[in-house]
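Below: one structure, written as structure tokens.
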Amino acid sequence: MIAKALLQPVINATGVLLHTNLGRAPIEFHHPARYQNLELDLVTGARGSRQRGVGELLARASGAEAAMVVNNNASAVLLVLAALARGRGVVVSRGEAVEIGGGFRVPEVMAESGAHLVDVGTTNRTRRADYERAVNAPGSEVALVLKVHPSNYRVEGFTESTSVKELATLGVPVVADIGSGLLDAACPWLTDGPPTWLAGEPAARQTLEAGASVVTFSGDKLLGGPQAGIIAGRRELVDACARHPLARAVRPGGLVLAALADVALAYLRRDGEAIAFWRMATTPVAALRARAEALGVGAVIDTVAVPGAGSGPGAEIPSVGVAVSGDHVDALRLSSPPIIARVRDDMTVLDLRAVDPTDDHLIAAALRRL
Ligand SMILES: *Cc1c(COP(=O)(O)O)cnc(C)c1O
């Protein structure tokens, strides 16, 4: 049925806040049927850049000199490598020549960019001296060092990696693909500061402060915005990316740029409540429990939600849901609006952390209909 294949709002009762199959971060965006000053400079009346406004906002929010937006983080990495390193070497730790999922494989992206991979170190341990040797090898022509955050897995045990701070002293620009889009480890947009489950997640501001020349990240992971990729860092490098012919092929449309500008403005206002992802991620457990009890159907249970989308692998967010006996996920998914739930121990569990409170009555009604 085509109707069921059409994109439509769904209720995410899985407890996975950034659910890849459900479009990662939920965004709210209203746009009237009007033209936009997409490439018109309202001050001069001349042709403008679609990137300028939102780029300025994202640069400010992440402490970068400049920023630009592309279609997703995979395009961001591809464009950075093509614009800054085509025909030259890019040094990557063997522990970071990874596949992030959905076909994003560092060696393949590198090959497509026209840069060549110079891999150093070993899978579990790479030291500054390994990078240094590669950068200084006679005739090596190294353009960049690339650091890739191993978003969705962890290497444990006898491991060692080199920090951006150490890499920044090698004499070539360091590009850090931080993936998740956490803007600032201090989370100034949250009244209670960073939640404990966020520990260890690299943030754009601190990575740039540590000496990275450029960071790349997704718009729809911890940033909580629409699907996009952000390139932020030193102005001349961001400008070189914007001038590259590939930039045209990976440029986002006005809807995405406007939605992202809304999110960036919320960060600059320090208003985490205006960003659905952060609102959901930081709802107190007591508030979720009260909502679960108010549903009046099913048994109220403690659950464990996760950030998802490879952000903070292993991170757990205490949550609350309701459980009904038996497997009803198909019926719930086919209800209108679709409700996506999970089965555990022959019980259907609906986690409320990623559910908008205004949808609670829809969940109660669907459970009563079962
Ligand atoms: C998620 C992720 C990507 C891919 O980002 P998309 O926005 O899905 O293209 C690349 N690198 C890292 C480190 C990631 O976490």
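Determine whether Leu57 is more than 12 Å from the ligand (Cβ to nearest atom) and under 18 Å from Ala249 (Cα atoms).
no
Determine whether the range 119-132 contains at least one residue that is hydroxyl-bearing (Ser, Thr, Tyr) and over 22 Å from Gly310 (Cβ atoms).
yes
I need a count of the residues in the range 223-248 that are within 16 Å of the ligand (Cβ to nearest atom) and free of Cβ contacts under 8 Å to residues at least 24 places away in the same chain.
0
Can you pull out every residue in the range 25-56 that is over 22 Å from Gln227 (Cβ atoms), of a type in the set (A, V, I, L, M, F, W, C) and not in a loop (DSSP other than H, G, I, E, B)?
Leu40
Sort through Arg50, Arg94, Arg86 and tell me the only one that's away from the ligand (no atom under 13 Å from the Cβ), buried (at least 19 other Cβ atoms within 10 Å of the Cβ) and not small (Gly, Ala, Ser).
Just one listed residue meets the conditions, Arg50.
When the range 82-108 is examined, which residues are found to be outside any loop (DSSP other than H, G, I, E, B) and under 19 Å from Ala242 (Cβ atoms)?
Listed by number, the residues that qualify are Ala82, Ala83, Leu84, Ala85.
Which residues, taken from the range 195-215, are buried (at least 19 other Cβ atoms within 10 Å of the Cβ), over 21 Å from Leu268 (Cα atoms) and within 16 Å of the ligand (Cβ to nearest atom)?
Ala212
Determine which member of the set Leu265, Leu255 is touching a helix residue (DSSP H, G or I) at 6+ places or on another chain (Cβ under 9 Å) and surrounded by fewer than 18 Cβ atoms within 10 Å (Cβ to Cβ).
Just one listed residue meets the conditions, Leu265.
Determine which member of the set Asp192, Asp184, Asp220 is more than 16 Å from the ligand (Cβ to nearest atom), in contact (Cβ under 8 Å) with a residue 40 or more places away in the chain and under 18 Å from Ala261 (Cα atoms).
Only one candidate passes the filter, namely Asp184.
Restricting to the range 97-119, and then to whatever is more than 9 Å from the ligand (Cβ to nearest atom) and among the small types (Gly, Ala, Ser), can you tell me which residue is surrounded by the most Cβ atoms within 10 Å (Cβ to Cβ)?
Out of the qualifying residues, it is Ala115.
With the checklist (1) in a strand (DSSP E or B); (2) within 27 Å of Glu201 (Cβ to Cβ); (3) in contact (Cβ under 8 Å) with a residue 24 or more places away in the chain in hand, flag the one item Val322 doesn't pass.
(2)
Take the range 301-318 and flag every residue that is under 22 Å from the mean Cα position of the chain (by Cα), away from the ligand (no atom under 16 Å from the Cβ) and of a type in the set (S, T, N, Q).
Answer for the range 301-318, where residues must be under 22 Å from the mean Cα position of the chain (by Cα), away from the ligand (no atom under 16 Å from the Cβ) and of a type in the set (S, T, N, Q): there is none.
Which of the numbered conditions does Thr122 fail, given that it passes all the others? Conditions: (1) among the polar types (S, T, N, Q); (2) within 16 Å of the ligand (Cβ to nearest atom); (3) part of a loop (DSSP other than H, G, I, E, B).
It fails just one condition, (2).
Kindly indicate whether any position in the range 68-81 is part of a loop (DSSP other than H, G, I, E, B), among the polar types (S, T, N, Q), within 21 Å of the chain's Cα centre (by Cα) and more than 16 Å from the ligand (Cβ to nearest atom).
no
Those residues that are assigned to a loop (DSSP other than H, G, I, E, B), surrounded by 15 or more Cβ atoms within 10 Å (Cβ to Cβ) and more than 16 Å from the ligand (Cβ to nearest atom), I need them from the range 148-171; list them, please.
Thr162, Ala168, Leu170
Could you check, for the range 325-333, whether at least one of its residues is closer than 30 Å to Thr191 by Cα and not basic (Lys, Arg)?
no
Gly298: buried (at least 17 other Cβ atoms within 10 Å of the Cβ), at pLDDT below 95 and at positive phi, yes or no?
no
The values are calculated or read from the model by the stated rules, or taken from the named source; none is laboratory data. What you see is a predicted model; the values in this text were computed from it and never measured. All Cβ positions, even for glycine, are placed from backbone atoms using ideal geometry, and neighbour counts span all protein chains on display.
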